[in-house]
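S.K.: Here's a structure for you.
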Amino acid sequence: MKKTNLSDYDPSLVPNGKDFSIGIVVAEWNKEITDALANGALDTLRQYDVAEKNIHLIHVPGSYELTSGADMMLRNIDSLDAVICIGCVIQGETRHFDFICEAVSQGLTNVALKHEKPVIFSLLTTNDMQQALDRAGGKHGNKGVEGAVTALKMVKLQKDLKK
Ligand code: RBF
């Protein structure tokens, strides 16, 4: 498949978000990458008509804190329909990579089930900085854009099932 700078999704299948309220939690580690992912997510939510007042963005120090950040948002902002969690963990020489990735993936799953709301995993887990750049607006698209598209689809699904 040909790779472009844009993430590959069918725009006609993305629900309109004008009545949706979305949280975004952004980790500050590898900020160049996480800012690019957050901007991709923000642009996409705006493109699908999520109102500015319904987009709630917070920062946490590192990816490990994404779990408690998402939980805090869902406990304190009643109207939230979903939370997008953005981070970037780059493989180093120690085993921190494995512990952080494992904790975040399990942690976010637990938060989603506890609050019965979609929690979106936009965590890059890469071998090096180049692989992260490639996925933050580079040759493999922007995983923040894909996270926002996933959030819109999951909120629509939940609202449809509740009707
Ligand atoms: N946080 C990230 O978001 N990405 C990383 O690549 C990352 N690497 C870390 C490596 C080490 C050795 C340590 C101690 C922390 C790292 N963190 C990283 C921060 C982590 O997510 C968390 O903020 C701290 O461990 C404090 O709980």
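S.K.: Taking Lys117 as the anchor, which aspartates and glutamates have their alpha carbon closer than 14 Å to its alpha carbon, excluding any fewer than eight residues away along the same chain?
M.R.: Asp71, Asp78, Asp81, Asp160
S.K.: In whole percent, and with a 1.4 Å probe on the protein chains, what portion of the accessible area of the chain is carbon and sulfur?
M.R.: Carbon and sulfur: 53 percent of the exposed surface of the chain.
S.K.: Which trypsin sites (Lys or Arg not before Pro) does the stretch 53-152 hold that lie in a coil by DSSP with at most 16 other beta carbons within 10 Å?
M.R.: When the trypsin sites (Lys or Arg not before Pro) of the stretch 53-152 are filtered for loop state and at most 16 Cβ neighbours within 10 Å, Arg95, Lys139 remain.
The values are calculated or read from the model by the stated rules, or taken from the named source; none is laboratory data. This structure is a prediction, so every number in the text was calculated from the model and none was measured. Note that each Cβ is placed from the backbone with ideal geometry, even for glycine, and that neighbours are counted across all protein chains shown. Surface areas here come from the heavy atoms of the whole protein model, side chains and all, with no ligands, DNA or RNA. Shrake-Rupley method; radii C 1.70, N 1.55, O 1.52, S 1.80 Å.
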